[in-house]
1. Can you pull out every residue in region 134-147 that is modelled with pLDDT under 70 and either assigned to a helix (DSSP H, G or I) or under 12 Å from F106 (Cα atoms) (or both)?
2. Considering only residues of region 157-191 that are assigned to a helix (DSSP H, G or I), open to solvent by 40 Å² or more (accessible area, probe 1.4 Å) and under 22 Å from S232 (Cα atoms), which is modelled with the lowest pLDDT?
3. I'd like to know if region 120-129 contains one or more residues that are exposed (fewer than 14 other Cβ atoms within 10 Å of the Cβ), outside any helix (DSSP H, G or I), out of contact with any His (no Cβ under 6 Å at 6 or more places or on another chain) and modelled with pLDDT under 75.
4. Are any residues in region 176-221 acidic (D, E) and touching a residue at least 12 places away in the same chain (Cβ under 8 Å), and if so, which ones?
5. Suppose we keep only residues that are open to solvent by less than 10 Å² (accessible area, probe 1.4 Å) and farther than 29 Å from R95 by Cβ within region 26-59. Which one would you say is modelled with the lowest pLDDT?
6. How about region 142-161: which of its residues are over 16 Å from A103 (Cα atoms) and β-branched (V, I, T)?
7. Consider L100 against the criteria (1) closer than 18 Å to A155 by Cβ; (2) surrounded by fewer than 22 Cβ atoms within 10 Å (Cβ to Cβ); (3) free of Cβ contacts under 8 Å to residues at least 60 places away in the same chain: it satisfies all of them except one. Which criterion is unmet?
8. Right, I202: among the hydrophobic types (A, V, I, L, M, F, W, C), open to solvent by 20 Å² or more (accessible area, probe 1.4 Å) and in contact with a Gly (Cβ under 8 Å, 6 or more places away or on another chain) or not?
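The values are calculated or read from the model by the stated rules, or taken from the named source; none is laboratory data. Note that this is a predicted model, so its numbers are computed, not measured. Note: ideal-geometry Cβ built from the backbone for every residue, glycine included; neighbour counts use all protein chains shown. Surface accessibility is based on the protein's heavy atoms, side chains included, excluding ligands, DNA and RNA. Shrake-Rupley method; radii C 1.70, N 1.55, O 1.52, S 1.80 Å.
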Amino acid sequence: MSFSSLALRVPPVTWFAVSAVFHYLGPAFAVLLFPAIGILGVAWIRIASAALLLAPIARPWRGFARWQRQDWLLLIALGATLAGMNAAFYLALDRLPMGLVAAMEFVGVVALALYGLRSTRNLLALALTVFGVVLMIEVTWSDDLVGLLWSTANALLFVAYVVLGHRLAARGASRGVESLGAAMTIAALFALPFGISEALAILDRPLLLLAAVGVGLCSSVIPYICDQLAMSRLPRASFALLLSLLPASATVIAAVVLAQIPDLRDLLGLALVMLGVALHQAAEKPADSARAPDQRRQHQEDREEDGDEG
């Protein structure tokens with residue numbers, strides 16, 4: 001079964017929910033590896049292992065012959081974004097609580113959510129989620145300027161990831177996942193100079209290396225594929241609003257894995273976020289029968305590839 005077919009069989013919100021859980025589950029374990037490997041070493045192993053794990057799934061080499069100049073520019077831009085975002089994210093996590101870093105990520109995508117959410121109901125949903133996230137920010141605010149700068153850089157790059165990732169998904173989930181595999185390989189090359197030395201230092205510690213590879217699987221492979229499946233069905237504004245679940249999932253995961261226990265104000269913020277998401281009415285992209293011509297061609301290519309593999 002192709003990724004395009006899989007995206008059509010399961011509601012897009014379900015794919016997003018899976019992504020939201022793994023988006024911070026992997027980083028929560030990554031924080032535990034920082035003392036043994038180093039921050040940038042963990043970041044590079046995450047990216048490089050994700051590229052290796054994605055290769056047999058995404059099979060990016062299938063697109064080499066048909067990709068044009070604009071496709072390569074998009075892949076290079078996304079690769080650079082992924083490399084910078086992962087590094088900035090880990091450098092921020094080393095100094096700040098995960099809930100705050102997640103909340104700052106959401107602030108960056110509010111503008112994306114505003115664009116296209118034109119109904120009163122959806123604007124109310126956005127207001128509730130913003131207020132809920134503000135409550136969580138107030139509880140966990142920090143005076144660590146360096147940490148806040150890294151977190152701000154991560155938030156800006158996260159917006160770029162959403163915009164570029166949606167462009168990948170515009171031609172169907174299968175094409176998006178295929179391109180994602182290529183972009184992740186490019187990201188590993190961009191991250192090579194700042195992470196390879198710390199990564200090489202643990203080659204004689206296989207269990208530690210395996211744990212870092214597990215972080216790559218949980219942090220990049222699973223959530224990024226799920227993002228493509230959701231993005232292929234949801235408008236960018238609706239996907240951006242759903243991103244408000246990330247601070248909520250980060251709060252829960254940080255409490256379980258890192259013992260960063262939320263208080264009542266955190267929980268109130270989390271409840272408002274979930275209420276806003278539940279109130280929002282997402283207008284899905286057209287299903288298979290109403291796709292644009294290039295999406296229909298992609299679906300036909302997927303069926304032909306499935307037949308060849310069978």
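1. Hits for region 134-147 are M136, I137, E138, V139, T140.
2. The extreme case among them is R167.
3. No, every residue in region 120-129 fails to be exposed (fewer than 14 other Cβ atoms within 10 Å of the Cβ), outside any helix (DSSP H, G or I), out of contact with any His (no Cβ under 6 Å at 6 or more places or on another chain) and modelled with pLDDT under 75.
4. In the first step, residues of region 176-221 are kept if they are acidic (D, E); the result is 178, 198, 204.
Once the filter is applied, which keeps residues that are acidic (D, E) and touching a residue at least 12 places away in the same chain (Cβ under 8 Å), region 176-221 yields E178, E198.
5. Looking at residues that are open to solvent by less than 10 Å² (accessible area, probe 1.4 Å) and farther than 29 Å from R95 by Cβ, I get A58.
6. V146
7. Exception for L100: condition (2).
8. Values: among the hydrophobic types (A, V, I, L, M, F, W, C): yes; open to solvent by 20 Å² or more (accessible area, probe 1.4 Å): no; in contact with a Gly (Cβ under 8 Å, 6 or more places away or on another chain): yes.
No; evaluated as a whole, the condition is false for this residue.
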